[in-house]
Number of protein chains: 2
Amino acid sequence: MSEHRNVTLGLLQMTMEDSAEANLTKALTMVREAASKGAKIIALPELFMGPYFCIDEKNTAAFDRAESIPGKSTEILGALAAECKIVLVGGSIYEIEGKTRYNTSCIFGPDGAVIGRYRKLHIPHDPGFYEQNYFGSGNAAPEVHSTPYGDIAVGICYDQWFPEFARMAALKGAELIIYPTAIGNAEVEPVDPAIPEDWEGMWRAAQVGHAASNCIYIAACNRVGNEASTHFFGGSFVADPNARLLARGDDTEKILLADIDLSYPKKMQASWRFLLERRPDMYGELTKGK
Amino acid sequence: MSEHRNVTLGLLQMTMEDSAEANLTKALTMVREAASKGAKIIALPELFMGPYFCIDEKNTAAFDRAESIPGKSTEILGALAAECKIVLVGGSIYEIEGKTRYNTSCIFGPDGAVIGRYRKLHIPHDPGFYEQNYFGSGNAAPEVHSTPYGDIAVGICYDQWFPEFARMAALKGAELIIYPTAIGNAEVEPVDPAIPEDWEGMWRAAQVGHAASNCIYIAACNRVGNEASTHFFGGSFVADPNARLLARGDDTEKILLADIDLSYPKKMQASWRFLLERRPDMYGELTKGK
């Protein structure tokens, strides 16, 4: 039996101010607090530097919030990771490169260096989440980042609904997928007035499913609080490879901590054989289409 | 808003006798009872005609249980579907064709005809579930069967852990996936003595995840009871596209009924856009390998 590899994971479930400076300052404070409590892998929410502007169908003023990567924000976050000697999944940043904007997460190592940059692949576009008017889509499959504290993949929000994404990350060796997130209950027409829905339960279930099907850890770090007509419900969580919830937030600002054992995924995968017994020769349908 | 399409689903969570005749007789009785209570789509468990012989690493005597399809059993089940005017997912049958044996599910229409035959694609092989010594693997992706009561795909047991399977079924238009199942807690070495596990919770979570990620109904019809050293835990369930459990069995023999609305999957898919916003151009990794 291989050795245990225990590490504490910290998720910062933040409310957001309008000012980027105020949000960045709060993030620094919360990261330092989580680190002081022993967290070695710490994550921030999606687009944590400002309001979730995609609630509006097209708020062109928000375009000015986009920044270069590397840039001032990544410098600050890198220095923070080095100061706290942590792996920092820096939520996501509204990135601009040339004329294209992206929703981008940077992963920083404990030496402060950027060890990965991921541009959101699956972009939603529905009432309250008009992201296709703000972001281009990334053009890369998920990557796995080897860090001193574990092998981590990062997806962003809507990516978390796609089993293809989680599976590819697991196949590449991810022990943990972290999803910086911005999901809430928006004021929209229901799918059908006769059908009650629980978005938070459905959202959690999709991801806990990835944990079970791939025998990996899943962590979602959501924003929280009311912005315009949307209630970001928080509910950040950590699920283990056995589909158990190790931590789960309510709808208030807070730091969630979870002790995880990163030796567990490989042991579970060897026992349940889900990656070994796949039939990729039968999966051609999955790569058809646009 | 399109019309509602309500239908009652019946899952027969059976204990098994040694004799095929006794199991078939019990299945007939339970199907008739479920139909009399209004069920229009009814499912039986995996290999419901006998003990789950794959507990033994290689029980060659069990090879003689294999039968041809079509054959006597499918004749009886077809006549039953016609008698009750139901869609019957006939659990699975130990099939022999030429020299190869399969774990095969037949789907019967309300006129008694076989409208689909599915050979288990993913075959497990671990202590207590030595199926690769008993079954060849199917060589077809999941199919969707259009029936008077809905568009249904069928997978068998271990298939239920594979998100690829559920996704392909959803892409082909399945509104409901039914998984005849034989899962229980076997007497095996734990993955790690320090890590407690809940197989039933993990098993349910993987599948409820498919319901949420694909916005479809998922139904698992498990066998129940003690066979040799294995406790088949029952726990059959129906999950809706919003990841809510509509029915869930305990560990006793019973008929589970659930009222479902098959207009719901397409409405949910249109709203959440999970099938529309996929990035198959990035999914090549999923079809690599054996």
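The values are calculated or read from the model by the stated rules, or taken from the named source; none is laboratory data. Since we're looking at a predicted model, the values are computed, not measured. Quick reminder, even Gly has a Cβ in these numbers, built from the backbone with ideal geometry, and neighbours come from all protein chains shown. Surface areas here come from the heavy atoms of the whole protein model, side chains and all, with no ligands, DNA or RNA. Shrake-Rupley method; radii C 1.70, N 1.55, O 1.52, S 1.80 Å.
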Checklist outcome for this item: If we ask which residues in the range A:255-270 are open to solvent by less than 50 Å² (accessible area, probe 1.4 Å) and either more than 7 Å from chain B (Cβ to nearest Cβ) or under 22 Å from the mean Cα position of the chain (by Cα) (or both), their number turns out to be 10
Checklist entry - Which pairs have Cβ atoms under 6 Å, sit 6 or more apart or on different chains, and link a residue in the range A:46-72 that is under 14 Å from A:Thr100 (Cα atoms) to one that is at pLDDT 95 or above and open to solvent by 50 Å² or more (accessible area, probe 1.4 Å)? => result A:Ala66/A:Arg101
Item to check | Residue in the range A:40-63 that is assigned to a helix (DSSP H, G or I), open to solvent by less than 10 Å² (accessible area, probe 1.4 Å) and under 20 Å from A:Gly234 (Cα atoms) present | outcome: yes
Checklist entry - Which pairs do you get when a residue that is over 14 Å from B:Ile177 (Cβ atoms) and of a type in the set (A, V, I, L, M, F, W, C), found in the range B:115-127, comes within reach of a residue that is at pLDDT 95 or above and open to solvent by less than 30 Å² (accessible area, probe 1.4 Å), reach meaning Cβ atoms under 6 angstrom, with the pair 6+ apart or on two chains? => result B:Ile115/B:Ile107; B:Ile115/B:Gly109; B:Ile115/B:His145; B:Ile123/B:Glu131; B:Ile123/B:Phe135
Item to check | Residue identified as in contact (Cβ under 8 Å) with a residue 40 or more places away in the chain, within 7 Å of another protein chain (Cβ to nearest Cβ), open to solvent by less than 20 Å² (accessible area, probe 1.4 Å) and not small (Gly, Ala, Ser) among B:Trp161, B:Trp203 | outcome: B:Trp161
Next on the checklist: Only one of B:Ala186, B:Ala194 is surrounded by fewer than 24 Cβ atoms within 10 Å (Cβ to Cβ), touching a strand residue (DSSP E or B) at 6+ places or on another chain (Cβ under 9 Å) and farther than 24 Å from B:Asn103 by Cβ. Can you tell me which?
Outcome noted: B:Ala194
Checklist entry - Counting only residues that are of a type in the set (Lys, Arg) and open to solvent by 50 Å² or more (accessible area, probe 1.4 Å), how many does the range A:271-290 have? => result 3
Checklist entry - If you take the residues of the range A:213-236 that are under 15 Å from A:Glu46 (Cβ atoms) and without any contact (Cβ under 8 Å) to a residue 60 or more places away in the chain, which of them is surrounded by the fewest Cβ atoms within 10 Å (Cβ to Cβ)? => result A:Phe233
Item to check | Where B:Cys106 falls short, out of the listed (1) touching a Gly at 6+ places or on another chain (Cβ under 6 Å); (2) at the interface with another protein chain (Cβ under 9 Å from one of its Cβ atoms) | outcome: (2)
Checklist outcome for this item: Scanning the range B:1-26 for residues that are surrounded by fewer than 20 Cβ atoms within 10 Å (Cβ to Cβ) and small (Gly, Ala, Ser), the one nearest to A:Ile195 (Cα to Cα) turns out to be B:Ser2
Checklist outcome for this item: If we keep only residues of the range A:99-143 that are farther than 27 Å from B:Lys267 by Cα, under 15 Å from the mean Cα position of the chain (by Cα) and basic (Lys, Arg), then the residue least open to solvent (accessible area, probe 1.4 Å) is A:Arg119
Checklist entry - Which of the residues that make up the range B:61-78 are closer than 15 Å to B:Arg117 by Cβ and charged (D, E, K, R)? => result B:Glu67, B:Glu75
Checklist entry - Out of curiosity, is B:Ala247 of a type in the set (A, V, I, L, M) and within 16 Å of the chain's Cα centre (by Cα)? => result yes
Next on the checklist: Out of everything in the range A:241-254 that is out of contact with any Phe, Trp or Tyr (no Cβ under 6 Å at 6 or more places or on another chain) and within 13 Å of chain B (Cβ to nearest Cβ), what residue ends up being least open to solvent (accessible area, probe 1.4 Å)?
Outcome noted: A:Asn242
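Residue-by-condition table, conditions (1) at pLDDT 95 or above; (2) closer than 24 Å to B:Ala166 by Cβ; (3) of a type in the set (Lys, Arg); (4) touching a Pro at 6+ places or on another chain (Cβ under 8 Å):
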site: A:Ile218; (1), (2), (3), (4): yes, yes, no, no
site: A:Asn222; (1), (2), (3), (4): yes, no, no, yes
site: A:Phe233; (1), (2), (3), (4): yes, no, no, no
site: A:Arg248; (1), (2), (3), (4): yes, no, yes, no
site: A:Pro280; (1), (2), (3), (4): yes, yes, no, no
site: A:Gly289; (1), (2), (3), (4): no, yes, no, yes
Checklist entry - Is it the case that A:Pro142 is within 21 Å of A:Ala113 (Cα to Cα) and facing another protein chain (nearest Cβ under 10 Å)? => result yes
Checklist entry - Do you know which residues across the range B:27-39 are open to solvent by less than 40 Å² (accessible area, probe 1.4 Å) and part of a loop (DSSP other than H, G, I, E, B)? => result B:Gly38, B:Ala39
Checklist outcome for this item: Here the residues within the range A:271-290 that are of a type in the set (A, V, I, L, M, F, W, C) and at the interface with chain B (Cβ under 7 Å from one of its Cβ atoms) are A:Phe274, A:Met282, A:Leu286
